[in-house]
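The values are calculated or read from the model by the stated rules, or taken from the named source; none is laboratory data. Just so it is clear, the model here is predicted, and its values are computed rather than measured. For neighbour counting, all protein chains shown are included, and Cβ atoms are generated from backbone atoms with ideal geometry for every residue, glycine included. These accessible areas exclude ligands, DNA and RNA; they are computed on the full protein's heavy atoms, side chains included. Shrake-Rupley method; radii C 1.70, N 1.55, O 1.52, S 1.80 Å.
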Amino acid sequence: MAYSVGAPQDFPLAVCDGSSILDDDLLQINCSKFGIMHKAWHAYFSDRQRWYYFPEMTSDEFILFKGYDCEDNYPRVIHAAFDNRRAYPNAKPRKSVEARFFVL
């Protein structure tokens, strides 16, 4: 069945509930960019994790999440887009804008 949908649904954004991520789900890596060293995290999927996505998001909606906190016990936010074209083969392509803000 081929049909077109209004909201982009080809690669929706998914976020994981930070309280469902365990330490062994993450691998810390050290990165260097422009001569500056920083750490990043790679995540492994686990059946324990609780993932959510918003299949009908429109251009006047957004998701806001905290990507870093100097406190060690802040909730982690794993996020990724995933291929949903099997569910919506004629979906409009997703357009994504990312903005990062620093609050001191």
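Quick notes
- Residue check, His38 at pLDDT 85 or above and open to solvent by 80 Å² or more (accessible area, probe 1.4 Å): no
- Within region 25-35, being outside any strand (DSSP E or B), open to solvent by less than 100 Å² (accessible area, probe 1.4 Å) and farther than 15 Å from Ile78 by Cα holds for one residue alone: Gly35.
- Conditions (1) at pLDDT 75 or above; (2) within 29 Å of Gln9 (Cβ to Cβ); (3) open to solvent by less than 100 Å² (accessible area, probe 1.4 Å); number of the one not met by Arg86: (3)
- Residues satisfying the stated conditions in region 48-83, i.e. among the acidic types (Asp, Glu) and at pLDDT 80 or above: Asp60, Glu61, Asp83
- Residues of region 41-60 that are touching a residue at least 24 places away in the same chain (Cβ under 8 Å) and surrounded by 11 or more Cβ atoms within 10 Å (Cβ to Cβ): Trp41, Ala43, Ser46, Gln49, Arg50, Trp51, Tyr53, Phe54, Pro55, Glu56, Met57.
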